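A.B. asks: Can you keep this structure in mind? I'll have questions shortly.
The values are calculated or read from the model by the stated rules, or taken from the named source; none is laboratory data. Remember, predicted model here, so these are calculated numbers, not experimental data. Using ideal geometry, Cβ is built from the backbone for each residue, glycine included, and neighbour counts are taken over all protein chains shown.
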Amino acid sequence: MQDIRPMTEKLYYHDATLTGFTARVVARRETERGPAVQLDRTAFYPTSGGQPHDTGTLAGVPVLDVWEDEAGAIWHLLERPLNAAEVTGQIDVARRFDHMQQHTGQHLLSEAFVQARAAATVGFHLGTEASTIDVTADDLTWDAAFAVEDAVNAVIWENRPVTLHFVTEAELGDIPLRKPPAVSGVIRVVWVAGYDASACGGTHVALTGEIGLLKITGLERYKGGTRVTFLCGGRALRDYRRALHTLREVSAGLSVGQDELPAAIGRLQDETKSTLQALRKTRGALTELEAERLWADAIEVDGARRIAAHWDDRPFEEARAIASQLRERPRALLLLATTEDDALRLVCARSDDLPAPHAAEVLRAATQAFGGRGGGSPTLAQGGAQARPHAEIMQVLKTALQSA
Ligand SMILES: [Zn+2]
């Protein structure tokens, strides 16, 4: 069976798997995205009705996009120019078959929503990862969605024929179409035996069994109805494989069976919460002790206790915590620094009862020696610079404090 769409007669193509077709180039044009050709007939499906275009080759040249213009002509965007007048066309069969599975699955899903919920489909999108339909049901629960899913899969497994019928508008009266056609003239009706009839120009499987499986993967409120996300055939299998793999990894990582995962994660969250609380408490006690030790070791010069310290691989937040505890004490002048991920950060502070020096000026004396920068108020300043060896940093901090 030839699956081609003669341009001149405006007939329609069948959806059988393709082995290739021959055609004549009847027009060429240069677009912003590259050269494009029009053929006397084509098996390439143009983007329309919520379904993306086919890809493939014409005379070995990759076809990147296919679209229908206002006049009804189908254009094939090419990766590079094509000079031949007669070409052999080959569509990407894997991509086409995937689209056939998703699209025919959509027909069944839309009809199942009509039968189960009297809900009409008002939107369809066939995406690269998943597809969606928008249905006029605003109270859809997962249990209701599972019932619809079961009905669809029953029809898939009954392996019903999917056939095409070309009928005139006059003949349409005898056919129970799911919704009125959007086009006039000869209407292409896709008939799922004994189940669903729709006017549609897309590509479909020949037997419902080829869809394999339909799985609803998402429900979200959308414009007063529900947006239903679903996967068919190979996509459903790949998603199941991915989900199982993730589940196995998590289950092995936590050393519990898959059914015990929710409880195990709950326990982990509780543990993390109490561990963090304990850690915060311990860190608080530790910074108090360190402040106490720095204070005791400090030498008083000109009426101020001058305190310099630097820590490698320590969060700057902790240096700031020590600084704020020290400046609560009388007559303290301190310059503290941490190195974390190759960055040196400094804080300079002085007690409120000290009239001088200006904290930002002391800080700048140190950061300038490192080629960095910083600033702040007379009593509190912060800055940063490139990391240096510990001994060099301590030398600069002490000099800045002594000359203040
Ligand atoms: Zn269709």
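A.B. asks: What pairs come out if I take residues in region 137-157 that are within 17 Å of residue 191 (Cα to Cα) and pair them with residues that are aromatic (Phe, Trp, Tyr) and modelled with pLDDT of 95 or more whose C-beta lies under 9 Å away, six or more apart or interchain?
C.D. replies: 152/230; 155/195
A.B. asks: Among the residues of region 356-386, which ones are hydrophobic (A, V, I, L, M, F, W, C) and surrounded by 16 or more Cβ atoms within 10 Å (Cβ to Cβ)?
C.D. replies: 359, 360, 362, 363, 365, 366, 369, 370, 380, 381, 385, listed by residue number.
A.B. asks: Further question on the same structure: For the list (1) outside any strand (DSSP E or B); (2) more than 26 Å from the chain's Cα centre (by Cα); (3) surrounded by fewer than 18 Cβ atoms within 10 Å (Cβ to Cβ), I need the number of the one condition that residue 247 fails.
C.D. replies: Residue 247 satisfies every listed condition except (2).
A.B. asks: Identify all residues within region 216-231 that are within 23 Å of residue 105 (Cβ to Cβ) and either over 20 Å from the mean Cα position of the chain (by Cα) or free of Cβ contacts under 8 Å to residues at least 12 places away in the same chain (or both); write none if there are none.
C.D. replies: 220, 223, 225, 226
A.B. asks: How many residues are within 36 Å of the chain's Cα centre (by Cα) and of a type in the set (A, V, I, L, M) if we restrict to region 26-49?
C.D. replies: 3
A.B. asks: If you check residue 89 against the conditions, is it within 20 Å of residue 35 (Cα to Cα) and among the small types (Gly, Ala, Ser)?
C.D. replies: When the stated conditions are applied, residue 89 passes them.
A.B. asks: Sticking with this structure for a sec: When you go through (1) outside the structural domain of residue 395 (by TED's automatic domain parsing); (2) part of a helix (DSSP H, G or I); (3) not charged (D, E, K, R) one by one for residue 256, which number turns out not to apply?
C.D. replies: Status for residue 256: all satisfied but (2).
A.B. asks: Determine whether residue 68 is touching a strand residue (DSSP E or B) at 6+ places or on another chain (Cβ under 7 Å) and more than 29 Å from residue 105 (Cα to Cα).
C.D. replies: Judged against the criteria, residue 68 is not a match.
A.B. asks: Here's another thing I want to ask about it. Identify, by number, the condition in (1) assigned to a loop (DSSP other than H, G, I, E, B); (2) within 16 Å of the ligand (Cβ to nearest atom); (3) in contact with a His (Cβ under 8 Å, 6 or more places away or on another chain) that residue 44 doesn't meet.
C.D. replies: (2)
A.B. asks: A further question follows. Looking at residue 243 and the list (1) out of contact with any helix residue (DSSP H, G or I) (no Cβ under 9 Å at 6 or more places or on another chain); (2) in contact (Cβ under 8 Å) with a residue 60 or more places away in the chain; (3) among the small types (Gly, Ala, Ser), which single condition is not satisfied?
C.D. replies: The single condition residue 243 does not satisfy is (2).
A.B. asks: Can you name the residue in region 182-240 that is part of a helix (DSSP H, G or I) and in contact with a Ser or Thr (Cβ under 8 Å, 6 or more places away or on another chain) and is also farthest from the ligand (Cβ to nearest atom) among such residues?
C.D. replies: Once the filter is applied, the top-ranked residue is 239.
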